[in-house]
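Below you'll find the structure, written out as structure tokens, and then a few comments.
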Amino acid sequence: MCVATVDKNRQPYQRIVLLKYFDDKGLVFYTNLGSRKAQQLAKNPHISLLFPWHMLKYQVIFLGRV
Ligand SMILES: Cc1cc2nc3c(=O)[nH]c(=O)nc-3n(C[C@H](O)[C@H](O)[C@H](O)COP(=O)(O)O)c2cc1C
């Protein structure tokens, strides 16, 4: 999935991560807590996730907080 975060200047960043699992509380991915995305999320918990679904000509987007 594509994970979008924003930095302290509100500059958006995106990168691919692996969805590990999901349940009724939300979606889970693993990352290094020292990574740029983790640092950005520590300052601004708003996040967007995107799953492209080319075969069906769909995309599925999640908006929320970590
Ligand atoms: C197919 C694929 C799967 C990836 N999965 C993860 C992942 O599960 N967790 C992760 O931290 N980075 C993953 N990465 C690396 C991230 O895309 C990214 O380069 C890295 O986490 C550093 O991002 P950051 O500097 O924005 O924190 C994956 C990359 C690719 C291409």
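So the values come out like this:
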read-out: Distance between modelled label sites at Phe29 and Lys8, nm, 7 Å Cα→Cβ extension; value: 2.3 nm
read-out: Extension gain, Phe22 back to Ala42 (0.36 nm per residue minus Cα-Cα distance, nm); value: 5.1 nm
read-out: Globularity ratio of the chain, using Cα Rg and 2.2 N^0.38 Å; value: 1.13
read-out: Largest-first ordering by accessible area, 1.4 Å probe, given options Lys20, Lys25; value: Lys25, Lys20
read-out: Local electrostatic count, Lys43, Cβ distance below 9 Å [Lys/Arg +1, Asp/Glu -1]; value: 0
read-out: Largest-first ordering by accessible area, 1.4 Å probe, given options Arg15, Arg10, Arg65; value: Arg10, Arg65, Arg15
read-out: Net charge of Cβ neighbours under 10 Å - reference Phe29; Lys, Arg +1; Asp, Glu -1; value: +2
read-out: Rel. contact order, % - alpha carbon contacts under 8 angstrom, at least six apart, the stretch 23-66; value: 29 percent
read-out: Cleavage-rule hits, chymotrypsin sites (Phe, Trp or Tyr not before Pro), the chain, DSSP coil, Cβ neighbours within 10 Å at most 13; value: Tyr30
read-out: Net length gained if the chain between Arg65 and Phe51 were fully extended (0.36 nm per residue, minus Cα distance); value: 3.3 nm
read-out: Computed [θ] at 222 nm, helices only, for the chain once each DSSP H run of length n ≥ 4 contributes -39500 (n - 2.57); value: -3000 deg cm²/dmol
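The values are calculated or read from the model by the stated rules, or taken from the named source; none is laboratory data. As the structure is a computational prediction, the values presented were derived from the model and not from experiment. Cβ coordinates were reconstructed from backbone atoms using ideal geometry, including for glycine residues, and neighbour counts include every protein chain displayed. Areas reflect the complete protein model, heavy atoms only, side chains present, ligands, DNA and RNA absent. Shrake-Rupley method; radii C 1.70, N 1.55, O 1.52, S 1.80 Å.
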